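Report on the following structure.
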Amino acid sequence: MDSRVLLKRDIKEKQELVNIILDRFLPRKDEYPKDIHKAIRYSVFAGGKRLRPYLSMLAYQLFKKDVEPVIPVAGAIEMIHTFTLIHDDLPDIDDDDYRRGKESCHKVFGEGIALLAGDALLISAFELITYANLEPEIKVQMIRELAQGIGVNGLISGQMLDIESEGKKGSQKTLSIIHENKTARLIRLSLRFGALAAHATDLELKIIDDYGSKIGLAFQIIDDLLDIEGNAEELGKTVGKDEDQQKVTYPALYGIEESHRQAETLIDQAKQSIHKFGERALLFEALADYLLQRKS
């Protein structure tokens, strides 16, 4: 069977697994206080590809067959990703009215509730990791690395630099720090956690980390390009925001053609890296191509 067909089927199956655990873990929308739970569920189940949790499960299955032990970790990663989207859309950050084809959380529930919904998802994600059927020391390592990856030396710092750089010329160094921390870091950690849960060796983790860093950066470059070349209906969010807000992006610094070239190079390098796993890397290579060609 064609690897692209296999990938599409695998993504769909694992999306369902993530949706099930999130539905079971999150409070029902009619639980008191209702508005915060409605806002959380609205954002979590608004759609989305579930890419990051998929990466965790995919990496786990490089080494183990039964994906069940890592599903809570995958669900936690999706909660953190949704937290970043809710906060990114707030008027004081990216000020976007649409996300995943629907009105942003703050447009439906107000800024205060949206802020708290994002906070709740971030905090509760760490709780969900503790329920995974994994060794305590592995869960502690995940919690520590996740806190580092999304804290003041990770995602938060990338977001801060993104805000500070608006309206400024920016530099290649600044752009690299923003993209590595805002986007690539969580993508790399998603893969890394799957491998950690499956007891990958240090060498195997190094390969996974390299693959994750490269597809993570390529993902953000494509995101920058889609903001210029994409379709709002397909993307599910407003296009042209980066230029309007004068953000530091790859097209702004390198131009459209060079940005495409860099994304293609990163994807090729990622495929070469993961190919060290041989036939087991088939879906990883198909996924890399999918990310390069994505329209949303």
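The values are calculated or read from the model by the stated rules, or taken from the named source; none is laboratory data. As the structure is a computational prediction, the values presented were derived from the model and not from experiment. So basically every Cβ, Gly included, is an ideal-geometry build from the backbone, and we count neighbours across all protein chains shown.
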(request) State which residue is farthest from Leu128 (Cα to Cα) when the search covers only region 55-76 and only residues that are aliphatic (A, V, I, L, M) and more than 13 Å from the chain's Cα centre (by Cα). (result) Leu62
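Quick check on my filter: what residues within region 145-157 are in a loop (DSSP other than H, G, I, E, B) and aliphatic (A, V, I, L, M)?
Of everything in region 145-157, just one residue is in a loop (DSSP other than H, G, I, E, B) and aliphatic (A, V, I, L, M), namely Val152.
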(message) So, Arg144, is that one of a type in the set (D, E, K, R), in contact with a Lys or Arg (Cβ under 7 Å, 6 or more places away or on another chain) and either crowded, with 21+ Cβ neighbours inside 10 Å or modelled with pLDDT of 95 or more (or both) or not?
(response) no
(request) Sort out which residues of region 1-41 are surrounded by 15 or more Cβ atoms within 10 Å (Cβ to Cβ) and among the acidic types (Asp, Glu), and write them in order of number. (result) Asp10, Asp35
(message) Can you name every one of the helices (runs of 4 or more DSSP H) wholly within region 199-296 that holds 2 or more residues which are more than 30 Å from Glu135 (Cβ to Cβ), in contact with a Gly (Cβ under 9 Å, 6 or more places away or on another chain) and of a type outside the set (D, E, K, R)?
(response) 232-235, 250-254
(message) Condition check: of a type outside the set (A, V, I, L, M) and at pLDDT 95 or above. Does Arg100 satisfy that?
(response) no
(request) Could you please find all residues in region 103-115 being in contact (Cβ under 8 Å) with a residue 60 or more places away in the chain and surrounded by fewer than 18 Cβ atoms within 10 Å (Cβ to Cβ)? (result) Val108
(request) Check region 78-90 and report whether any residue there is on the phi > 0 side of the Ramachandran plot and either over 18 Å from the mean Cα position of the chain (by Cα) or crowded, with 19+ Cβ neighbours inside 10 Å (or both). (result) no
(request) Return the residue satisfying two criteria in turn: it lies in region 243-270 and is crowded, with 19+ Cβ neighbours inside 10 Å, of a type outside the set (A, V, I, L, M) and over 19 Å from the mean Cα position of the chain (by Cα), and of such residues it is farthest from Ile11 (Cα to Cα). (result) Lys247
(message) Checking the condition out of contact with any helix residue (DSSP H, G or I) (no Cβ under 6 Å at 6 or more places or on another chain) and assigned to a helix (DSSP H, G or I), which residue from Met160, Met142 passes?
(response) Met160
(message) Criterion first (under 23 Å from Ala288 (Cβ atoms), assigned to a loop (DSSP other than H, G, I, E, B) and not acidic (Asp, Glu)) does Ala184 satisfy it?
(response) no
(message) Looking at region 77-93, I want the residues that are over 25 Å from Tyr131 (Cα atoms) and have a partner that is among the aromatic types (Phe, Trp, Tyr) and not in a loop (DSSP other than H, G, I, E, B) with Cβ atoms under 9 Å, at least 6 apart or on another chain. Which pairs are those?
(response) Asp89/Tyr98
(request) Assess whether Arg100 counts as being closer than 17 Å to Arg52 by Cα and either surrounded by 15 or more Cβ atoms within 10 Å (Cβ to Cβ) or not polar (S, T, N, Q) (or both). (result) yes
